[in-house]
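Down below is the structure, laid out as structure tokens.
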Amino acid sequence: VQLQASGGGLVEAGGSLRLSCAASGRAVGSYTLGWFRQAPGKEREFVGAARRTSRPYYADSVKGRFTISRENAKNTVWLQMNSLKFEDTAVYYCAAAAYGDATVMSIPQYDYWGQGTQVTVSS
């Protein structure tokens, strides 16, 4: 599975961005599709994930501001980011885990990773 993330950019605090992650090489409809981020000097952290059939789940830091959606027919997952804050600045990565409907939040549980897309929020 290859994952290609896109949609990053520079946005003012309070603004919105929508990231996309397109999968190729295999249908990922049975996978959990997650988003992570890594800020400069910090460890990569979980943002949220869309399970195969159950509702998405999110890190507390983005809950209520970020929304994950997926369309299996397009092999794509999106991350809608609203009310962006300076501290959301990071490289955002999409990832796929062969866990179906389980709650998957740790990096080792994900089998495939995209290359990352930079999100910069100006204060």
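The values are calculated or read from the model by the stated rules, or taken from the named source; none is laboratory data. Quick caveat, the model's predicted, so the values are computed rather than measured. Don't worry about glycine lacking a Cβ; one is built from the backbone with ideal geometry, like all the others, and counts go over all protein chains shown. Protein only, heavy atoms only, side chains kept; ligands, DNA and RNA dropped before computing areas. Shrake-Rupley method; radii C 1.70, N 1.55, O 1.52, S 1.80 Å.
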- Which lysines, on any chain, are close to Lys85 with Cα under 24 Å apart, when same-chain ones fewer than 8 places away are left out? Lys42, Lys63
- Pseudo-spin-label distance Glu87 to Gln109, built 7 Å along Cα→Cβ, given in nm, is 2.4 nm
- Note on the structure: Largest fluctuation, Asp101, Asp88, Asp60 only, Gaussian network model of the chain with Cα springs under 10 angstrom, belongs to Asp60
- Item | Separation of alpha-carbon centers, the range 7-24 and the range 51-78, rounded to whole Å | 14 Å
- Item | Coil-residue trypsin sites (Lys or Arg not before Pro) of the range 1-88, DSSP, other Cβ within 10 Å capped at 12 | Lys42, Lys63
- With a 1.4 Å probe and every protein chain kept in, tell me what percent of the accessible surface of the range 69-123 is carbon plus sulfur. 53 percent
- Item | Förster-model FRET efficiency, 30 Å R0, Ser54 and Gln2, C-beta, rounded to 0.05 | 0.75
- Query: Which whole-number percent gives the relative contact order of the chain, counting Cα pairs below 8 Å spaced six or more residues apart?
  - Reply: 37 percent
- How much accessible area does Ser61 have with a 1.4 Å probe, in Å² rounded to the nearest 10? 60 Å²
